[in-house]
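First comes the structure, then the notes that go with it.
The values are calculated or read from the model by the stated rules, or taken from the named source; none is laboratory data. Here the structure is a predicted model, which means the values were calculated and not measured. Here the Cβ positions follow ideal geometry from the backbone for every residue, glycine too, while neighbour counts run over all protein chains shown. SASA here: full protein model, heavy atoms, side chains in, ligands and nucleic acids out. Shrake-Rupley method; radii C 1.70, N 1.55, O 1.52, S 1.80 Å.
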Amino acid sequence: MILRTPDAFCTLMVSDSDIHVVFVLLWINSRVSRTISMVYTNILLAAQHADASLRKNAEEEIQRLQENNLADFLFSLSIELAQEGKPPASRKLAGILLKNSLDAKDAVRKAQLIEQWVGMDINVKSGIKGALLGTLGSSVAEARQTASQVIAKVAAIEIPRKEWPDLIASLLSNMTQQTSTAPLKQATLEALGYVCEEISPQDIAQDEVNSVLTAVVQGMTLSDHGAEVRLASTRALYNALDFAHSNFENEMERNYIMKVVCETAISKETEIRQAAYECLVSISSTYYVVLEPYMQTLFELTSKAVKEDEEPVALQAIEFWSSICDEEIELQDYAGSDSGDSAPPHSQFIKKALSSLVPMLLETLLKQEEDQDQDDEIWNLSMAGGTCLGLVARTVGDDIVSLVMPFVEANIMKPDWRNREAATYAFGSILEGPSVEKLSPLVNAGLEFLLNAMKDKNSHVKDTTAWTLSRIFEVLHTPGNGFSVVSPANLPRVLGVLLEGINDAPNVAEKVCGAIYFLAQGYEDLGSSSSHLSPYLPNMIAALLTTADRMDSGDLRLRTSAYETLNEVVRCANVSDSQIIAQLLPVIMNKLNQTLELQILSSDDRVKQGDLQALLCGVLQVIIQKLSASDDTRSIILMAADQMMILFLKVFACRSSTVHEEAMLAIGALAYATGADFEKYMPDFYKYLEMGLQNFEEYQVCSISVGVVGDICRALDEKVLSYCDGIMSHLLKDLSNGMLHRSVKPPIFSCFGDIALAIGVHFEKYLPYAMPMMQGASEVCAQMDPEDEEMMDYGNQLRHKQRDESVSKAAVAVMGDLADTLGPNMKILFKDRNFYVEFLNECLVSDDDQLKETATWTQVMIGRFPFVPPVNSPVSRVVIVVRPV
């Protein structure tokens, strides 16, 4: 085609595929563009200036340019990124701004950005894409890398829409042209990797996948390329592996890929070796079924890496075996399920390698770091090895015990703290997997030793000992099932050690909280009559409250652990302990009131205040639930309800429009406890409920608020009617909002049932609005891919046909509730809709007795009205039936 360019005073003959590149080059050379470009350069540099006022003005100007003309803004950024003469700092920021204009973590914001890009002029988008492709050959590394990332963000939008069909070919041409420089190839490979990370395998054709894999694997070869290109190639392969299913099914292609990856795993450069092992980790999970011929080589490679290589490489080598464990655990779970499908092949790689694998992992436990117990961010060989050892135990069960216990016995008494800590860590790591019969003699024999070890001179040993005790109580303390390492005889000794240990260093105290948590939880199955912990409850509560108030911890972990453990202690307490729990109520209310008086000088102060309020509201929720469960103690909640509600409303006020999740949950519990008396709180509370129902950005808050609507409906019954217009309006808007996280929508349909039960025939006026939403949900379910597990789970929540029994029970119960509530008016709901006939018949022949009982009740409710088509069932009808619980 002919391109006429007044600014350049020339006419060029160019192909359609190159027009956007030529357009960019001509624009860069125009006088007008140079003026505009300089303005952008100055603004972008000012946005990074040390002077705060200059930064602020520049950021405001950037926002103004973006809002005034988004297309010009993005195009100018792409030109800034592409120009070699521009400062690296301005080019990098231009790329970052461009990338942030195409993608966002928040789903709502991301959808908006995609919509903006899709609606932009095609010529502008072509110009931007041309600038990005051109930048891959830049001499500035940061510009190349940023361009490759932005290319992937554009690809994520356009490739699924078939709007950038020549991208892969354009990138691959950079790899085959003899004139391509090493930096260009490196940047191209990075772009290919990022693109594969952003899109799905079904978005590109198999011949393109083959071409990408060929280019990537060839780029990994030692003789042809430098280290930078080989590293970029290896990382690109990692992102492209999900696209290689057809290639891994072909033995010749699979052998070649595995050969290149294994050769790359012994490269002289650490980063390349690490990247190669990352590929092996991905292959182990994605292509487990074809690994058998390579496992001997892979064991030799990983074993050598764990013992001799740099830590980043060794960590990935351990991760390979952890990934194999994950696959085999999943296969074992699948084989033990009632799916009816044939299980995929189980190669038992872990069992075959056990005698060599376990000693290798045990040796890693001795490679601790001095400060590893002080920082949750630390991940080292010892921690990785212990985690993998735990997965091995879950995979092979009893077989691991005889391989680990000699290590424990040989090291547990040694003078070096590393040996004692490693032995304890090994023991704690294998507690899940082996049978109770295999472990119980060992644990019974070792419990007293562990309790004594809580006084070890070394903090690392005490930390790991406390963690091991928590694991023991979690796995082997189930008195409800007839077995526990804790007996009435040794319980005083156990609690004495824990309540003393909770005063230790913060990291040790945190692990002790975990031990108390599982100790209390173990008694839950004994029922409310159990009183094992009753004599110790006051001291336990006091110790946990003191721990929560400690000032020597640098973060919130200890406080959070203390309050979560307190919740569990309260939840599992005996009914006879209600007076002790009642005494705790004013203490927590006072602490919550004190948070309202905290001096807030910064955003960090506000966050800390909110975190503490959340923890305290969580404790109040548990106390409310505990005391309101019995008629004897519900009066305690009723007397404190006014004061609690005032506190909750003040908490909401602290957060402005953001509704506090834990306070909302506590209010739901309070509504259940107070019943119809909750009506007096609605005028002040309703505005915060509305805020929650409209909080699309923090969808968890919205979901919790929907649940609270159900609580309020059950508490108030018809008294909620005056608020239903507003509530239904918000719920319907939520269902219509494409930006709201889909997990919120199924609870909304359940909420419709709660509202209908509460207000009876008054729900009739909402049916014309609610029914189309339900119909829309059923259409979504009908179009779901059965192979997509995540979507199938969502479909279950939407009453999908391929549902589990719990969903069927809920669905058939809601149908009965509607029929019972609406009476003769139910013809509006069921007229010309015979779907329920098939559904009820399905439920009536279920093997689940409770489901059949509920379906029978629903059949009776619907069968009272002659216009309804009969349901085929031998069950006789009766007039008065009580709904099954």
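For this structure, a couple of remarks:
- Filter result for the condition that a residue is surrounded by 14 or more Cβ atoms within 10 Å (Cβ to Cβ), at pLDDT 90 or above and not in a helix (DSSP H, G or I), over 76, 138: 138
- The residue of segment 207-237 that is nearest to residue 281 (Cα to Cα), among those that are open to solvent by less than 20 Å² (accessible area, probe 1.4 Å) and among the hydroxyl-bearing types (Ser, Thr, Tyr), is 234.
- Residues within segment 87-106 that are open to solvent by 50 Å² or more (accessible area, probe 1.4 Å) and under 13 Å from residue 157 (Cα atoms), tallied: 1
- Taken over segment 308-343, the criterion of being at pLDDT below 90, open to solvent by 60 Å² or more (accessible area, probe 1.4 Å) and in a loop (DSSP other than H, G, I, E, B) is satisfied by 336, 338, 340, 341, 342.
- Condition check for residue 34: assigned to a helix (DSSP H, G or I), modelled with pLDDT of 90 or more and exposed (fewer than 14 other Cβ atoms within 10 Å of the Cβ): no
Residue-by-condition table, conditions (1) among the charged types (D, E, K, R); (2) outside any helix (DSSP H, G or I); (3) closer than 21 Å to residue 114 by Cβ; (4) at pLDDT 90 or above:
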| residue | (1), (2), (3), (4) |
| --- | --- |
| 164 | no, yes, yes, yes |
| 174 | no, no, no, yes |
| 180 | no, yes, no, no |
| 183 | no, no, no, yes |
| 186 | no, no, no, yes |
| 191 | no, no, yes, yes |
| 195 | no, no, yes, yes |
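- Hits in segment 614-654 - residues which are in contact with a Lys or Arg (Cβ under 9 Å, 6 or more places away or on another chain) and open to solvent by 60 Å² or more (accessible area, probe 1.4 Å): 625, 642
- Residue among 52, 82 that alone is over 22 Å from residue 128 (Cβ atoms) and open to solvent by less than 70 Å² (accessible area, probe 1.4 Å): 52
- Neighbours by Cβ (under 8 Å, 6+ apart or cross-chain): first from segment 724-738, touching a residue at least 60 places away in the same chain (Cβ under 8 Å); second surrounded by fewer than 15 Cβ atoms within 10 Å (Cβ to Cβ): 738/111
- If you go through segment 145-158 and keep only what is closer than 17 Å to residue 229 by Cα and surrounded by 24 or more Cβ atoms within 10 Å (Cβ to Cβ), you end up with 146, 147, 148.
- Among the candidates 404, 436, residue that is under 27 Å from residue 321 (Cβ atoms) and either at pLDDT 95 or above or in contact with a Lys or Arg (Cβ under 6 Å, 6 or more places away or on another chain) (or both): 404
- Any helices (runs of 4 or more DSSP H) falling wholly within segment 704-804 and containing at least 1 residues that are surrounded by fewer than 18 Cβ atoms within 10 Å (Cβ to Cβ) and at pLDDT below 80: 767-782, 789-797
- Residue check, residue 169 in contact with a Ser or Thr (Cβ under 9 Å, 6 or more places away or on another chain) and among the small types (Gly, Ala, Ser): yes
- One residue from 266, 204 being within 26 Å of residue 304 (Cβ to Cβ) and either among the β-branched types (Val, Ile, Thr) or open to solvent by less than 30 Å² (accessible area, probe 1.4 Å) (or both): 266
- Consider segment 558-580 and keep the residues that are open to solvent by less than 50 Å² (accessible area, probe 1.4 Å) and more than 34 Å from the chain's Cα centre (by Cα). The one that is farthest from residue 650 (Cα to Cα) is 574.
- Scanning segment 159-189 for residues that are open to solvent by 20 Å² or more (accessible area, probe 1.4 Å) and touching a Lys or Arg at 6+ places or on another chain (Cβ under 7 Å) yields 174, 175, 183.
- Selection within segment 348-382 - free of Cβ contacts under 8 Å to residues at least 24 places away in the same chain and touching a Phe, Trp or Tyr at 6+ places or on another chain (Cβ under 9 Å): none
- Residue within segment 380-390 that is assigned to a loop (DSSP other than H, G, I, E, B) and surrounded by fewer than 22 Cβ atoms within 10 Å (Cβ to Cβ) present: yes
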